[in-house]
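The values are calculated or read from the model by the stated rules, or taken from the named source; none is laboratory data. Being a predicted model, the structure only gives us computed values, none of them experimental. When we count neighbours, we look across all protein chains shown, and the Cβ atoms used for this are built from the backbone with ideal geometry, even at glycine. When the accessible area is computed, the model is the full protein with side chains, heavy atoms only, and any ligands, DNA or RNA have been set aside. Shrake-Rupley method; radii C 1.70, N 1.55, O 1.52, S 1.80 Å.
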Amino acid sequence: MKQSLTILYLYPTEMNIYGDRGNVLALQRRLEWRGIEARVIEAGVGETVDWTEVDLVFAGGGQDRGQIAVGLDLGKRSPQIHDAVRRGVVFLTICGTYQLFTRGFRTATGEHIPGIGVFDAETVAGPKRLIGNTTVESPWGELVGFENHSGLTYLDRGKDSLGYTKVGGNNGSTGDEGAIAHNCFGTYLHGPVLPKNPELADHLLSLALERKYPGSLLGKLDDALEDLAHQIASKRPR
């Protein structure tokens, strides 16, 4: 029987800046190159999702006005998302959606945009943007990407980050970047992040594949082009 994974792209119109759609393409291609069927479905604000068929979820970053609408929609989806997280469904959330997966975002004017609390963290508006190329030391080696955010995310004590950076990251002061809760990952890295960081991409796919087909392993790929892209990105000035 041919293996297959279903990838859900949440908010493809509302939350899609800095090439975030490239993350979905990277996941899709890395499955197809291994002979694994990749089914990609999309859902925007108000659109129905059958969570029982989803193996991996991606949601990107967006403008503030889109984030408000998405925040309201995520609130309605919160019980289904928390259930999916408990069942081990794999999530990758970038920037704006990452912030909404914390307990909430407090704007510079004091308005509180509720989050859904997958990550034990709070996000607040900062006095200036954290913007530029950055590198993150992680369990999957050095990750490279581009950040551009004014929201500052603070993880609760003892909670896992994606990795550590010398500049930027979650809030520009604690050194941590991103968050991990179960099989749910959050990060501020745009770029898109996965094509230039194939080990992280394959980690997400391995988790999803193991959950659906216990004992399954991903085969090796020739990542020469991906590694070259990583090397070039790592040398870019901030």
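Averaged per residue, what accessible surface does the chain expose to a 1.4 Å probe, in Å²?
On a per-residue basis, the chain sits at 46 Å².
Would you please give the FRET efficiency between GLN3 and TYR154, computed as 1/(1 + (r/R0)^6) with r the Cβ-Cβ distance and R0 = 30 Å, to the nearest 0.05? Don't jump to the answer; show the numbers that get you there.
On the way: r = 39 Å, r/R0 = 1.32.
It comes to 0.15.
So how strong a dipole does the chain carry about its Cα centre when Lys and Arg Cβ are +1 and Asp and Glu Cβ are -1, to the nearest 20 debye?
The dipole magnitude comes to about 240 debye.
Just to verify a number: what accessible area does ARG129 come out at with the full protein assembly present, 1.4 Å probe, Å² rounded to tens?
130 Å²
Apply the a/c threshold of 1.5 to the C-alpha gyration tensor of the stretch 103-238 and tell me whether it is rounded, prolate or oblate.
oblate
Just name one of VAL124, LEU74, ALA26: the one whose Cα is farthest towards the positive end of the charge dipole of the chain (beta-carbon charges, Lys/Arg +1, Asp/Glu -1).
Highest projection toward the positive end goes to VAL124.
Per-residue ellipticity at 222 nm for the chain, helices alone: DSSP H runs ≥ 4 residues times -39500 (n - 2.57), over residue total, nearest 500 deg cm²/dmol?
After summing the helix terms and dividing by residue count, I get -9000 deg cm²/dmol.
Work out from phi, with θ = phi - 60° and the Karplus expression 6.51 cos²θ - 1.76 cosθ + 1.60, the ³J(HN,Hα) of each residue of the stretch 102-109, listed in order in whole Hz, and give x for Gly and Pro.
Karplus-based 3J(HN,Hα) across the stretch 102-109 equals 7, 6, x, 10, 9, 6, 5, 8 Hz.
Does the stretch 5-45 come out rounded, prolate or oblate by the C-alpha gyration tensor, with a ≥ b ≥ c the root eigenvalues, rounded set by a/c under 1.5 and, if not, prolate when a/b is larger than b/c and oblate if not?
In terms of gyration-tensor shape, oblate.
Please give the FRET efficiency for ARG238 paired with ASP120, using the beta carbon to beta carbon distance and R0 = 22 Å, rounded to the nearest 0.05.
Calculated value: 0.15.
If DNA, RNA and ligands are ignored and the probe is 1.4 Å, what is the ranking of ASP20, ASP120, ASP222 by accessible area, most exposed first?
Per-residue accessible area, sorted high to low, gives ASP222, ASP120, ASP20.
Would you mind working out the magnitude of the charge dipole of the stretch 59-148 relative to its Cα centre, with +1 at each Lys and Arg C-beta and -1 at each Asp and Glu C-beta, to the nearest 20 Debye?
260 debye
Can you list the DSSP H helices in the chain whose Cα atoms extend at least 18 Å along the helix axis and whose mean Kyte-Doolittle hydropathy is -0.5 or higher?
Details: long enough: 64-86 (30 Å, -0.57); 198-212 (21 Å, -0.13).
Span-like helices, by this rule, are 198-212.
Got a sec? What order do HIS149, HIS203 fall in by accessible area at 1.4 Å, biggest, i.e. largest, first?
Output order, biggest surface exposure first: HIS203, HIS149.
Leaving ligands, DNA and RNA out of it, work out the accessible area of ASP176 with a 1.4 Å probe and give it in Å² to the nearest 10.
20 Å²
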